[in-house]
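One structure below.
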Amino acid sequence: MNTTTMKKTSLLLYLLLTAHVLLAQQRHTFKQNIPATGINKGTVRIEVPAGVLQVKATGSNFLDTQVQYGQPSWKPSLHLNKNNGVADLRLTQKDITDGEDNNDNKWTLNLSKNIPTALYLEMGAGESSLDLSNSQVRQLDVQAGAVALDINLSKSQLRQADIKAGVGELNLDLRGDWDHDLTVDIAGGIGEINLKLPQHTGVRLKTSGLGSQDLAGLKDAGSYYKNDALGKARHTITLNVTGALGSINVTE
């Protein structure tokens, strides 16, 4: 390699490194930790226009949040009201689908592992992973547009879930032994609905829609499908699933 080529190569590497540094400098971080002190139960409302969202429920605080975003105008806003031990928290972000690159918008949230919580999520586009297994989330409401949804509710304290999925795959994990009843309403749009169901908790599944169905391990009981544990187990998971144009798949 001659001297001229080496200089050109060095210049190219320098320019690439500079561009990487400038891009890194353009990223912004929003962090908030809400202590659990004085909170006995709460509601968390999340509105994400587009991006990547990860939620778990293993924290000692009421909520730990970190959002990495690409434009100053995307800075989230957090509002918290507390009254007599009840917290109502809303975390929102402006619409970022106005011609800007919305790929650099990553949300990481950790709910309390001890405080009974109702979780409401609205998300326009992107990817969302909710690991609420063994959590104290009692109510879940999800409204998703063009979003790939991964939701793990295994062994949680959830009593009621309402999930509206527009375009994209929904993976829902309900496995484990449940010590209470649960009702889940799912309205799917275009995309697969994949359900992982428990073996030792009763399951009652009603389905509708124009897509295909693969309901492994369930028996046709006329107006609904059931597993072998229904009527024998103490508790029941009731699922009402509308698949629209997508498929509905079941595994145990």
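The values are calculated or read from the model by the stated rules, or taken from the named source; none is laboratory data. Nothing here was measured: the structure is a model prediction, and the numbers come from that model. When we count neighbours, we look across all protein chains shown, and the Cβ atoms used for this are built from the backbone with ideal geometry, even at glycine.
For (1) surrounded by 22 or more Cβ atoms within 10 Å (Cβ to Cβ); (2) hydroxyl-bearing (S, T, Y); (3) modelled with pLDDT of 95 or more; (4) assigned to a strand (DSSP E or B), each residue gets a yes or a no:
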{"site": "V142", "(1), (2), (3), (4)": "yes, no, yes, yes"}
{"site": "A148", "(1), (2), (3), (4)": "no, no, yes, yes"}
{"site": "S154", "(1), (2), (3), (4)": "no, yes, yes, no"}
{"site": "Q157", "(1), (2), (3), (4)": "no, no, yes, no"}
{"site": "G166", "(1), (2), (3), (4)": "no, no, no, yes"}
{"site": "L172", "(1), (2), (3), (4)": "yes, no, yes, yes"}
{"site": "R175", "(1), (2), (3), (4)": "no, no, yes, no"}
{"site": "D179", "(1), (2), (3), (4)": "no, no, yes, no"}
{"site": "D185", "(1), (2), (3), (4)": "no, no, yes, yes"}
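From L63, L53, L80, which residue is under 20 Å from K106 (Cβ atoms), touching a Leu at 6+ places or on another chain (Cβ under 7 Å) and touching a residue at least 24 places away in the same chain (Cβ under 8 Å)?
None of the others qualify; the one that does is L63.
Does K219 meet the test of being at pLDDT 95 or above and either of a type outside the set (K, R) or within 28 Å of Q136 (Cα to Cα) (or both)?
no
Would you please list the contacts, defined by Cβ atoms under 8 Å and residues six or more apart or on different chains, that run from a residue in region 211-224 that is touching a residue at least 24 places away in the same chain (Cβ under 8 Å) and on the phi > 0 side of the Ramachandran plot to a residue that is part of a strand (DSSP E or B) and surrounded by fewer than 17 Cβ atoms within 10 Å (Cβ to Cβ)?
G217/T251
Please work out which residue is nearest to A36 (Cα to Cα), limiting yourself to region 121-140 and to residues that are polar (S, T, N, Q) and surrounded by 22 or more Cβ atoms within 10 Å (Cβ to Cβ).
Only one residue tops the list, namely S135.
Can you list residue pairs whose Cβ atoms sit under 8 Å apart, with the first residue in region 177-189 being touching a residue at least 60 places away in the same chain (Cβ under 8 Å) and the second being surrounded by fewer than 20 Cβ atoms within 10 Å (Cβ to Cβ) and of a type outside the set (S, T, Y)? Count only pairs 6 or more apart in sequence or on different chains.
G188/G209; G188/A244
Looking at K106, K94, K155 in this structure, which one is among the basic types (K, R) and on the phi > 0 side of the Ramachandran plot?
K155
Sort out which residues of region 194-224 are surrounded by 15 or more Cβ atoms within 10 Å (Cβ to Cβ), touching a Leu at 6+ places or on another chain (Cβ under 8 Å) and farther than 22 Å from K164 by Cβ, and write them in order of number.
Scanning region 194-224 gives P198, G202, L218.
Tell me, which residue of region 88-125 that is small (G, A, S) and out of contact with any Phe, Trp or Tyr (no Cβ under 6 Å at 6 or more places or on another chain) is modelled with the lowest pLDDT?
G99
Name the single residue that is nearest to I96 (Cα to Cα) among those in region 34-50 being surrounded by fewer than 17 Cβ atoms within 10 Å (Cβ to Cβ) and without any contact (Cβ under 8 Å) to a residue 60 or more places away in the chain.
Across region 34-50, the extreme among qualifying residues is P35.
Sort out which residues of region 102-118 are farther than 15 Å from G59 by Cα and part of a strand (DSSP E or B), and write them in order of number.
If the condition is that a residue be farther than 15 Å from G59 by Cα and part of a strand (DSSP E or B), then N105, K106, W107, A118 are the ones that fit.
Since N61 meets every condition but one in (1) out of contact with any Pro (no Cβ under 6 Å at 6 or more places or on another chain); (2) closer than 10 Å to S112 by Cα, which condition does it not meet?
So N61 meets the others, but not (1).
If I go through region 186-210 residue by residue, how many of them are more than 24 Å from the chain's Cα centre (by Cα) and more than 20 Å from R234 (Cα to Cα)?
1
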